[in-house]
Amino acid sequence: MIYGPERWLKSYDPGVPADIEPQRGSIGGRYRQTAGRYGSQTALLFMGATMTHGQVLEAAKRFAALLRAHGVGRGDVVGVHLPNTPQYVIAVLGALLNGSAITGVSPLLMPDELAHQLNDCGAKALVTLDALFQERFKGVAGRIPGLKLVLATSIADYLPGLKRVLAKLLKKVPSGKVEPLAGKTVLDFRRAVNASPADDLEVLVEENDLAFIQYTGGTTGLPKGAQLTHGNLLANLAQFGAWYGAKMGQGRYLSGYPMFHIAGLFLALNGLMFGGAQSLIPDPRNAKHIVAEMAAFKPSLMANVPSLWMMLLAEPGFKDLDFSGLEVCITAAAPMPVESLKALEAVIGQGKISELVGMTETSPVIACNPVRGPKKPGSVGLPIPGTLVRLVDLAEGKDEVALGQAGELCVCGPQVMRGYHNKPDESAGVLRPHDGKTWMHTGDVAVMDEDGYLFIVDRTKDMVNVSGYKVFPREVEEKFYTHPAVQACAVVGVVDPDRPGSEIVKLVVQLDEAHKQKPGPEMEKELLTFIKDKVAPYKTPKLVQFVEQIPLTSVGKVDKKALR
């Protein structure tokens, strides 16, 4: 076997195990234990407010009881439609304690996209921001018949009393009007949670029970929900904890990843399960706020997408911070240029940056550069404990390619998802048997060197990477195809010169005969106006090019390689 574990185990840091113990029980049960040991220690810091682990657990218990009182039980799905706030953490833990599953809903989604996700996963309850209730949710609420309970909250709800009042009065935080909805119970999140009993009812939840339906994309480019169990997440937490040497009750975590994204969710769970403290960042674009939080909080572990690290490097004050207490600095979700890595390392200290690779379907971490040992520039590191990888030929996806040659990255381990929600064909397409095991075919093309380090060299999927956010071209293209002027179109990604590792969404359009005489700038404006309220802003094309004919392959498919 070309890709046996012995190839990469020799490159592990001393003390990192080859495997982990099987993980039993549930995330909620594990947090009960953690909060029992570290209840008086700080768990969350948010805009000057703090919550201890004991307070977080109590609020989560109250939320679980609230769900039960409104008929939301084991196996039901709860949507969380929020930025990074204490409410997000409370809702996730409370739902999991109740045996319910969570679907993270991006605040960037437009109303149609929001309705699609909630209907697709069958969400029975939703926690949303008051501003999002008014701007995105209210207009499509009637089109989500299965949703029965809506809990609205404000960014300021968990701030200290006077600060909360002033934030709302002075309009320092976004807000919106919350009103009754036909066929749904609408409640104020904070009041309802506080009025609910913090009972100690322990719902039986086991490692094979569904914990999250995290939306991602696949070979078709359409959003679909990856089903992640309690055991999947507990395994990946144990794997990653062993990798970076997590110490119970000691970590200080800071990340700009949003919790509706698998990376943000995973990092938040690290802070909770290991009894550490974490600073919640509600707006990852606010580099000034992040620098201030870093200065006050002095994190031991930080994680961000490359484009945010580049923003921070350009932010006044970042290079003057004291990073002596920083142990691990993670960069992931997009490649980071070597020169940028060197610039960041010059600020935070030598040897602290570890690039990694992961995906929603693997809970998410697959491989990571050693924390203390050699880090190879451009590499995403070594498979983490208990993880097997194979690189297979791109044509058939069966035979292993030779060491040093490019092949599709396939992963086997306890962190691999159960499958896609209600999509058996899609699941069978990526979860394939081999040698008595089930392997996740990632769609990423990689190379492994003789020391077991992986290098991602290409993507088989057509996704566009916008600062770590995935844009699936077919979804955007289908919206444009409803415009009468579009005869054919294609969406591709081009390099963003201002954000290393990120791409710009580009639309290539072939107009129908009736519209070809319309001036280019006028037609471009019309198309961008047309798409504005149909997709999230990061999915909206920033470049538009008109062509006489979209190039096609020999079988009649759009030739995106030629377009790129």
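The values are calculated or read from the model by the stated rules, or taken from the named source; none is laboratory data. Quick caveat, the model's predicted, so the values are computed rather than measured. Using ideal geometry, Cβ is built from the backbone for each residue, glycine included, and neighbour counts are taken over all protein chains shown.
The residues of segment 99-148 that are within 21 Å of Pro282 (Cβ to Cβ) and assigned to a strand (DSSP E or B), listed by number, are Ile102, Thr103, Gly104, Leu126, Val127, Thr128, Leu129. Counting residues in segment 68-88 that are out of contact with any Cys (no Cβ under 6 Å at 6 or more places or on another chain), at positive phi and buried (at least 17 other Cβ atoms within 10 Å of the Cβ) gives zero.
Scan Leu93, Leu149, Leu109 and give me the residue that is crowded, with 24+ Cβ neighbours inside 10 Å, within 28 Å of Gly28 (Cβ to Cβ) and in the same structural domain as Ala49 (by TED's automatic domain parsing).
On the way: Leu149 fails: crowded, with 24+ Cβ neighbours inside 10 Å; Leu109 fails: crowded, with 24+ Cβ neighbours inside 10 Å.
From the options Leu93, Leu149, Leu109, the qualifying one is Leu93.
None of Gly241, Gly245, Gly251 is free of Cβ contacts under 8 Å to residues at least 40 places away in the same chain and closer than 26 Å to Ser300 by Cβ except Gly241.
So that you can scan it fast, the table gives a plain yes or no per residue for (1) farther than 22 Å from Val305 by Cα; (2) over 23 Å from the mean Cα position of the chain (by Cα); (3) acidic (Asp, Glu); (4) surrounded by 12 or more Cβ atoms within 10 Å (Cβ to Cβ):
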position	(1), (2), (3), (4)
Val492	no, no, no, yes
Val509	yes, yes, no, yes
Lys516	yes, yes, no, yes
Glu526	yes, yes, yes, yes
Leu543	yes, yes, no, yes
Ile550	yes, yes, no, yes
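Of the listed requirements (1) under 34 Å from the mean Cα position of the chain (by Cα); (2) modelled with pLDDT of 90 or more; (3) not in a loop (DSSP other than H, G, I, E, B), Ala562 misses just one: (2).
Pick from segment 152-187 the residues that are modelled with pLDDT under 85 and β-branched (Val, Ile, Thr): which of them is surrounded by the most Cβ atoms within 10 Å (Cβ to Cβ)? Walk me through it before giving the result.
Initial filter on segment 152-187 (modelled with pLDDT under 85): 160-174.
Going one step further and asking which of them are β-branched (Val, Ile, Thr), we end up with 165, 173.
Details: Val165: 12, Val173: 18.
So the residue we want is Val173.
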